[in-house]
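One structure below.
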Amino acid sequence: MGFIEKISPKWAYKREAWRQANEIQKRNYDAGMYDRQNRNWFAHNESGEQTDKYFRGTVRARSRDLERNSDLMNANIHPWVRNVVGKGYTLEAKTDDEEFNDNIEKLWVKWCKKDNCDVTGSQSFWEMARMAIRRKRVDGGILFIKCYTMGGIVPFKLQALEVDELDEVQSKPNYEGNKVVGGIEYNSYNKAVGYWIKEYDIEGYLKPVSRFVERKNVIFYFSKTRPSQIREMPEMSATIGRIKEVNGYIEAATIKERIAACLSVFIKKELPTGGIGRTNTVKGNRKYDDLELTPGLITDLNAGDDIQVVNPGNSATNGSDFIKTTQRLISAGQGISYESTSRDLSSANYSSARQATIEDEETFTPEVQKLQDEFLDETYETFVISAVLSGAIQCPDFWTNKEKYLEHEWNRKPKKWIDPQKEANANKIAITTGQKTLNDIWREDGKDFKTVLDDMKKIEEYANQIGLDLNFPYLKGGGENAK
């Protein structure tokens with residue numbers, strides 16, 4: 001620097017200015033640099049729909065292919081199905097009218113049967129809910145159309161449709177001033193006002209005209225991750241590439257092991273036979289074309305023949321660590337623990353298993369809330385209105401107190417405890433210290449406190465009839481630990 005400065009101060013100043021500018025640029029974001037490590041990393045900023053629409057169909061098809069053929073793919077789907085829906089939910093009507101609560105709860109249980117809730121009569125309501133979670137993971141979403149038809153206990157059923165049924169080539173809106181994108185009609189605020197559904201004739205051929213269904217009659221179950229996103233995207237999209245790589249590795253390792261298990265035998269002849277004219281064939285020599293290796297084989301070889309054995313050895317490389325590490329990455333990418341997808345608890349203890357369960361529950365909770373808010377609640381409210389209109393439920397003041405009669409809660413079916421004794425003692429301490437009530441404990445078990453108390457009363461009354469003295473020490477404040 002000093003030498004250049006003495007010769008030309010101007011060039012020395014420019015050189016120092018450019019050097020400092022380069023240093024400032026490097027001090028910003030490494031991820032934004034186009035240096036040697038990032039020179040092949042090209043990304044562009046586009047709206048959610050512009051980013052998704054060109055790849056949505058391909059990603060969905062590949063995701064479905066892995067669903068059909070990959071055990072690792074299904075291992076990452078099953079935890080969502082069994083933890084978000086699992087055994088289903090118990091409805092608890094929350095109105096002041098106990099008679100209405102009992103009647104609507106009993107009617108709901110009957111409606112959830114497949115012949116009453118599904119237009120095809122093939123799935124119960126909770127089977128449809130489990131399918132919704134699965135299709136959301138694989139396809140990105142699912143459509144449920146409210147059908148008002150006879151044949152059930154109330155004139156209301158659901159029709160499940162795949163997202164493929166949206167007519168993506170439809171361009172003319174049903175209402176003037178709206179726009180149609182991806183088979184969905186939007187107003188000026190990008191709010192969906194209706195859905196264009198493909199129509200087929202009785203032979204399965206696509207009709208040229210689609211059917212428009214108002215938004216109020218459709219439940220489109222999908223998650224939105226960007227403000228500019230307007231349609232679904234498979235939620236396994238970030239991990240299906242890695243799942244395919246693991247499947248390819250396992251397939252290659254399987255073929256390698258099959259080859260390694262093969263034993264080949266080559267017979268080396270001292271005097272070749274055959275040819276034209278005079279040969280070296282020895283009279284009485286045998287051919288080996290029909291000779292097969294069998295257990296305990298004893299046979300003679302021709303004079304001068306020798307055996308060379310080809311026995312491929314097993315590779316010393318162990319792929320279990322690779323598969324295990326990759327499966328951890330895949331599980332982490334879906335926000336759940338490795339144990340919940342692999343069912344491998346060899347390295348887990350009570351504390352680690354419980355911590356993993358707690359973290360998984362935090363991951364599943366938003367999906368549980370979404371299922372309740374967007375699918376269960378809307379279906380139940382439509383069911384109640386249909387029950388009142390059809391006369392299945394008598395409620396003269398329903399329309400004047402509609403919100404009151406739609407009040408309800410969903411109680412999840414209980415999951416098994418990791419250590420029942422520790423969990424029971426924890427609940428006992430929580431009740432004793434006032435951290436929980438009996439209603440809290442029963443709700444966590446997916447039970448309605450009124451149902452539990454009614455059952456206890458029935459048991460006590462029957463016990464008195466047969467002269468049996470029941471003792472519930474902890475409920476009554478007695479027992480050895482209460483002394």
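The values are calculated or read from the model by the stated rules, or taken from the named source; none is laboratory data. Bear in mind that the values here come from a model prediction, so they are computed numbers and not experimental data. So basically every Cβ, Gly included, is an ideal-geometry build from the backbone, and we count neighbours across all protein chains shown. Each accessible area value is taken on the protein alone, full model and side chains, heavy atoms only, with ligands, DNA and RNA left out. Shrake-Rupley method; radii C 1.70, N 1.55, O 1.52, S 1.80 Å.
Counting the residues of segment 327-341 that are in contact with a helix residue (DSSP H, G or I) (Cβ under 7 Å, 6 or more places away or on another chain), surrounded by fewer than 18 Cβ atoms within 10 Å (Cβ to Cβ) and part of a helix (DSSP H, G or I) gives 2. Within segment 228-265, being β-branched (V, I, T), touching a Gly at 6+ places or on another chain (Cβ under 9 Å) and at pLDDT below 90 holds for one residue alone: I250. Considering segment 357-393, and only residues there that are in contact (Cβ under 8 Å) with a residue 24 or more places away in the chain and not in a helix (DSSP H, G or I), the residue that is least open to solvent (accessible area, probe 1.4 Å) turns out to be I393. Among the residues of segment 75-90, count how many are in a helix (DSSP H, G or I) and surrounded by fewer than 17 Cβ atoms within 10 Å (Cβ to Cβ). Summing the residues that are in a helix (DSSP H, G or I) and surrounded by fewer than 17 Cβ atoms within 10 Å (Cβ to Cβ) in segment 75-90 gives 2. Applying the criterion of being within 19 Å of C147 (Cα to Cα) and hydroxyl-bearing (S, T, Y) to the residues of segment 199-230, the residue that is least open to solvent (accessible area, probe 1.4 Å) is Y221. Among the residues of segment 172-187, the one identified as farther than 21 Å from I219 by Cβ and open to solvent by less than 60 Å² (accessible area, probe 1.4 Å) is P173. Of all residues in segment 143-189, those satisfying the criterion of being touching a helix residue (DSSP H, G or I) at 6+ places or on another chain (Cβ under 8 Å) and under 18 Å from Y380 (Cβ atoms) are F144, I145, K146, Y148, G152, I153, V154, P155, F156, K157, L158, A160. Screening N190 with (1) surrounded by fewer than 19 Cβ atoms within 10 Å (Cβ to Cβ); (2) within 30 Å of S122 (Cβ to Cβ); (3) within 30 Å of the chain's Cα centre (by Cα) gives one miss only, at (2).
With a requirement of 2 or more residues that are β-branched (V, I, T), the strands (runs of 3 or more DSSP E) lying completely within segment 121-210 that satisfy it span 141-147, 179-181, 192-197.
So for segment 346-356 (the condition being surrounded by 14 or more Cβ atoms within 10 Å (Cβ to Cβ), under 29 Å from I133 (Cα atoms), without any contact (Cβ under 8 Å) to a residue 12 or more places away in the chain and touching an Asp or Glu at 6+ places or on another chain (Cβ under 9 Å)), does at least one residue qualify? Yes, segment 346-356 contains at least one residue that is surrounded by 14 or more Cβ atoms within 10 Å (Cβ to Cβ), under 29 Å from I133 (Cα atoms), without any contact (Cβ under 8 Å) to a residue 12 or more places away in the chain and touching an Asp or Glu at 6+ places or on another chain (Cβ under 9 Å).
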